[in-house]
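Inspection log for the structure reproduced underneath, given as structure tokens.
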Amino acid sequence: MTIGVGGSTAEIELAKLTDMTMGIQPISVDEIRLRQGKACRLMREQHIDALYLNAGTNLTYFTGLKWYASERLVGAVLTANGELHYIAPDFEQDSLSDFMQIEAPFHGWQEHESPYLLLGDVLAQAGLAAATLAIDSSSAFFVVDGIAKANKNLTLVNADCITAPCREQKSAAEIALMQRAKDMTLEVHKATARLLRPGISTTEVTQFINEAHKKVGASGSSFCIVLFGLATSFPHGVKNPQILQGNDWVLIDTGCLLYGYNSDITRSYAFGQATERQRFAWQCEKDAQLAAFNAAQLGQPCESPDLAARQSLQANGFGPDYHVPGLPHRTGHGCGLDIHESPYLVRGDTTPLKAGMVFSNEPMLVLPGEFGVRLEDHFYMTDNGPQWFTQPSYSVDDPFGYQA
């Protein structure tokens with residue numbers, strides 16, 4: 001039997017888990033103001049007059065305000081000289097004020113009025129009637145279209161040239177939040193492996209993982225993929241639940257949020273005895289993950305780890321390129337307030353690797369009609385190169401390193 005897999009119950013494992021969030025703090029207002037300052041500097045350097053932040057993670061990152069995107073425009077305008085203005089439905093003012101971390105003028109629109117004209121008025125009042133406005137790239141098309149049609153005197157550009165340079169390099173406080181979130185999820189993974197038993201369903205396991213994340217201090221799981229047997233060869237799962245059988249292959253991919261920052265860890269192992277085919281594939285996956293990690297060096301392009309992972313897999317007879325059996329998707333993604341964010345470990349992303357960048361490392365090996373192996377851990381770039389948040393899986397027989 002694989003070490004650390006099976007032999008316990010959900011009740012026992014939940015009882016062992018405790019709150020792991022003590023001593024960790026959310027991002028401070030002072031740090032948010034520093035983010036705004038950097039955004040303003042980038043705007044001035046690029047001759048951009050203002051930045052529109054739509055409801056979502058960019059709004060949160062630059063103002064601290066957490067709000068969801070919907071069919072109603074909710075957002076903020078940050079001018080190059082540092083003025084901040086909130087724009088939202090008038091009836092939401094009290095609610096938004098309760099969520100605001102940085103106070104600024106509120107401009108409300110009634111349901112029959114155009115929020116796009118209001119945005120233009122806000123800019124005009126700031127002396128920016130004919131301005132270059134950078135638009136948050138996460139904005140829905142109807143928002144961009146509405147702004148453009150209502151304000152033909154504005155020049156609209158993609159705000160990625162401002163938001164990406166700010167968000168791609170994480171601060172020490174952001175790294176600390178993600179470190180704790182990933183520590184929490186790894187403990188949930190260990191507890192989950194121990195409760196597995198013949199006859200348990202993927203639905204039951206998913207429910208346990210959600211409760212376990214609550215026990216360690218999260219609000220629950222931010223996402224959860226639990227797969228048994230053949231279903232593990234589908235990178236993001238299948239529609240029907242599975243029932244665990246003896247010697248089934250298991251893949252579990254899950255994460256949580258801590259003050260808005262994501263964890264995302266995947267483990268693959270056998271419930272019982274791994275076949276020789278599974279052992280070989282598991283080791284090839286681990287080798288590819290390590291190859292990607294070693295290729296992540298300061299100044300190298302983000303595509304370098306992806307190339308290294310594919311070369312490792314191809315040397316073991318998989319691929320080539322995106323062909324299966326092999327790696328059908330990118331090797332990794334940036335992570336922070338969004339679970340998937342730029343830059344990416346994928347061919348064509350030539351962004352230079354810099355200190356503070358955070359990535360998943362998950363060069364999944366898919367064997368169609370058989371099984372899949374995904375080992376996913378995250379690393380961040382330091383002044384000395386890559387650093388793991390969590391130690392990668394140790395071996396196919398001892399995935400969590402109990403006897404390492």
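The values are calculated or read from the model by the stated rules, or taken from the named source; none is laboratory data. In this text, all values refer to a predicted model and were calculated from it rather than measured experimentally. FYI the Cβ positions are ideal-geometry reconstructions off the backbone, even for glycines, and counts take in every protein chain you see. Ligands, DNA and RNA are excluded from the accessible area calculation, which covers all protein heavy atoms including side chains. Shrake-Rupley method; radii C 1.70, N 1.55, O 1.52, S 1.80 Å.
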> In units of 2.2 N^0.38 Å, what is the alpha-carbon radius of gyration of the stretch 1-78?
Replying inline: 1.86
> Among all stretches of the chain without exposed GluC sites (Glu not before Pro) (DSSP loop, at most 15 other Cβ atoms within 10 Å), which one is longest?
Replying inline: 114-404
> Could you give me the ³J(HN,Hα) list for the stretch 135-142, computed from phi with Karplus coefficients 6.51, -1.76, 1.60 and θ = phi - 60°, whole Hz, x at Gly and Pro?
Replying inline: 9, 3, 5, 7, 5, 5, 4, 5
> Put a dot 7 Å past each Cα toward the Cβ at Lys149 and Ser219; how far apart are the dots in nm?
Replying inline: 3.4
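Over the stretch 1-138, average the accessible area per residue using a 1.4 Å probe and give it in Å², no decimals.
Details: 6580 Å² over 138 residues.
Counting only protein heavy atoms, the per-residue value for the stretch 1-138 is 48 Å².
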> Which whole number of Å³ per residue matches the convex hull of the alpha-carbon atoms in the stretch 65-196?
Replying inline: 166
>> Which residues does the label zone of Ala315 cover in the stretch 291-307, counting backbone N under 15 Å from a point 7 Å along Cα→Cβ?
In response: 291-296, 305-307
> Near the amide H of Ala50, under 5 Å away, which other amide H atoms are found, from residues 5 or more places off or on another chain, if H is placed in the peptide plane?
Replying inline: Ala80, Thr132, Ala134
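What stretch of the chain, leaving out the sites themselves, is the longest with no chymotrypsin sites (Phe, Trp or Tyr not before Pro) in a DSSP loop having at most 14 other Cβ atoms within 10 Å? Numbers along the way, then the final one.
Details: sites that count: Tyr68, Tyr322, Tyr402.
Within the chain, the longest run free of exposed chymotrypsin sites (Phe, Trp or Tyr not before Pro) spans 69-321.
Could you compute the longest span of the chain free of trypsin sites (Lys or Arg not before Pro) located in DSSP loops and having at most 12 other Cβ atoms within 10 Å, not counting the site residues? Kindly include the intermediate steps, with their values, before the conclusion.
Values: sites that count: Lys152, Lys239.
Value returned for the longest uninterrupted segment is 240-404.
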> For the stretch 239-335, what log10 I(q)/I(0) values come out of the Debye formula at q = 0.10, 0.14, 0.18 1/Å, with one point per alpha carbon and no solvent?
Replying inline: -0.36, -0.68, -1.01
>> Can you give the log10 of the normalised intensity I(q)/I(0) at q = 0.27 Å⁻¹, computed with Debye over equal Cα scatterers of the stretch 327-404?
In response: -1.27
> How high is the relative contact order of the chain, in percent, counting Cα pairs under 8 Å that sit 6 or more residues apart?
Replying inline: 16
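Based on a Kirkwood Rh over C-alpha pairs, give the Stokes-Einstein translational diffusion coefficient of the chain at 4 °C and viscosity 1.567 mPa s in µm²/s.
Details: Rh = 22.8 Å.
D, rounded to a whole number, is 57 µm²/s.
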>> List the residues, sorted by chain then number, that are 5 or more residues from Ser393 or on another chain and whose placed amide H is less than 5 Å from its amide H.
In response: none
> Separation of the stretch 1-30 and the stretch 375-404 by C-alpha centroid, Å?
Replying inline: 18
